[in-house]
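What follows is a single structure, written as structure tokens, with notes after it.
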Amino acid sequence: SLSESPCFSYVLLKLKEMFNSKFGSIPKFYVRAPGRVNIIGEHIDYCGYSVLPMAIEQDVLIAVEPVKTYTLQLANTNPLYPDFSTSANNIQIDKTKPLWHNYFLCGLKGIQEHFGLSNLTGMNCLVDGNIPPSSGLSSSSALVCCAGLVTLTVLGRNLSKVELAEICAKSERYIGTEGGGMDQSISFLAEEGTAKLIEFSPLRATDVKLPSGAVFVIANSCVEMNKAATSQFNIRVMECRLAAKLLAKYKNLQWDNVLRLDEVQAKLGISLEEMLLVTEDALHPEPYNPEEICRCLGISLEELRTQILSPNTQDVLIFKLYQRAKHVYSEAARVLQFKKICEEAPENMVQLLGELMNQSHMSCRDMYECSCPELDQLVDICRKLGAQGSRLTGAGWGGCAVSIVPADKLPGFLANVHKAYYQRSDGSLAPEKQSLFATKPGGGALVFLEA
């Protein structure tokens with residue numbers, strides 16, 4: 001597998017040389033954590049629902065040398081990311097700036113706090129990575145996970161993959177992203193050759209065998225999206241929370257401690273299809289303003305602001321609760337249908353899976369409003385040129401599309417999409433961002449003791 005591949009050994013050796021010229025010493029060990037592509041199940045992990053990602057082969061790789069001082073020195077093989085050093089005992093994470101080293105600090109701090117340690121040993125780390133940044137393939141979560149595993153290894157402690165995933169999911173919130181936990185879970189729990197159904201509370205992963213006659217292709221729209229820097233993501237999290245409270249109130253449930261849409265379904269004990277009908281009855285398609293939400297819940301504006309809204313959503317004036325709830329419940333159902341089709345493997349399974357991916361994109365575009373014109377155009381091109389299904393992946397607002405393509409159509413598909421989307425007459429797309437590649441399910445995070 002990975003550690004035996006000649007290409008990977010070359011990458012490790014090159015990293016070892018760069019480490020030596022940077023720090024004047026040799027790394028003691030190396031850690032890698034993969035990026036991921038979410039095949040289906042967009043924006044539902046933080047609502048408590050299962051998702052269906054797979055790890056990709058691209059990853060973050062860190063060379064590490066523990067040192068006797070209490071200084072943490074971070075360097076990056078990419079000159080765009082400046083060196084950083086700090087005292088290992090006083091980790092400060094600046095939420096206002098999603099700088100690269102802050103993601104490393106999230107992973108480190110998560111492990112440090114889990115074990116209740118006040119002082120950590122110092123270390124020299126050289127970070128390398130080939131996941132395109134701000135593309136929705138979880139380069140930032142891979143860095144958090146990698147840093148968590150680095151810290152655990154330096155401390156000589158042990159944790160299960162599930163515990164690591166839960167700690168890293170929680171610690172990424174230090175940077176202000178209210179994500180759900182899919183990215184960290186797949187980074188640790190992935191296995192080569194299979195996608196995973198990831199379920200939450202309790203966290204668990206089940207193999208999902210993808211169709212052998214099809215390939216998943218990732219295409220970068222070249223519109224960058226930085227989740228922590230955008231308020232849109234956190235507004236969606238809050239809209240789902242408010243929708244859950246209004247649905248609970250409508251059904252005479254104890255609404256004040258309801259935080260997620262899945263809790264309403266669980267309390268009512270009904271199917272996702274029935275939840276969609278409840279949503280139709282309880283919520284209206286017109287946007288809600290804060291005053292109307294307060295009237296529905298019987299609370300004051302002050303209570304809404306201080307007890308429910310997060311600091312970064314307190315000034316939002318319109319909330320589209322009906323649309324967000326409709327997306328979440330229908331998308332959660334599509335994930336379960338996708339898994340069922342993979343298990344039953346009917347003759348026309350690639351076509352059926354493609355249809356679910358297409359429905360997912362429409363819902364993301366129209367109900368969740370997390371697409372953008374370039375992504376819509378890219379998805380459209382992919383479908384016209386032979387994909388059975390295509391959708392935005394990894395939160396949207398830019399980033400990548402994922403397509404399911406019959407294996408025999410792959411070479412022509414790649415060439416034609418390249419021509420139609422990337423070779424624009426105006427030359428507006430920078431070549432280094434042009435990522436268009438077929439991917440297979442890769443393995444999870446690992447520690448290597450030598451290059």
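The values are calculated or read from the model by the stated rules, or taken from the named source; none is laboratory data. Because the structure is predicted, anything quoted here is derived from the model rather than measured. So basically every Cβ, Gly included, is an ideal-geometry build from the backbone, and we count neighbours across all protein chains shown. These area figures cover heavy atoms from the full protein model, side chains too; ligands, DNA and RNA do not enter into them. Shrake-Rupley method; radii C 1.70, N 1.55, O 1.52, S 1.80 Å.
Side notes on the structure shown:
- For the pair Glu113 and Val447, label points projected 7 Å from Cα toward Cβ lie 2.3 nm apart.
- With a threshold of 18 Å on the Cα-Cα distance, the over-threshold entries among Lys161/Lys339; Lys209/Lys339; Lys245/Lys267 are Lys161/Lys339.
- Portion, in percent, of the accessible area of the chain that falls on carbon or sulfur, probe 1.4 Å: 51
- Counting 0.36 nm for each residue step from Ser160 to His418 and taking away their Cα separation leaves a gain of 88.7 nm.
- Annotation: extensible slack from Glu191 through Asn289 equals 30.8 nm (criterion: 0.36 nm per residue apart, minus Cα-Cα distance).
- Rh by Kirkwood over Cα pairs, then Stokes-Einstein D for segment 48-123 at 0.890 mPa s and 25 °C, µm²/s: 170
- FRET E, pair Gln337, Glu224, Förster distance 45 Å, beta-carbon r, rounded to 0.05: 0.90
- Label-point separation in nm, Ser300 to Leu268, each point 7 Å along Cα→Cβ: 3.2
- Inter-centroid distance (Cα atoms) of segment 109-144 relative to segment 234-254, Å: 33
- On a per residue basis, segment 124-252 carries 33 Å² of accessible surface, using protein heavy atoms and a 1.4 Å probe.
- In nm, spacing of pseudo-spin labels at Lys68 and Asn90 (7 Å Cα→C-beta vector): 2.3
- Across all Cα atoms of segment 156-247, the radius of gyration (one decimal) and Dmax (whole number) stand at 16.3, 47 Å.
- 20 °C / 1.002 mPa s Stokes-Einstein diffusion coefficient of segment 324-451, Kirkwood radius on C-alpha pairs, µm²/s: 132
- Gyration tensor over the Cα atoms of segment 251-359: the corresponding equivalent ellipsoid has semi-axes (square roots of 5 times the eigenvalues, largest first) of 34, 15, 12 Å.
- Global geometry of segment 1-142, whether rounded, prolate or oblate, following the gyration tensor of its Cα atoms and the 1.5 cut on a/c: oblate
- Computed lengthening from Gln314 to Glu344, 0.36 nm per intervening residue step minus Cα-Cα distance: 6.1 nm
- The convex hull around the C-alpha trace of segment 225-279, projected and averaged over every direction, spans 4.4 square nanometres.
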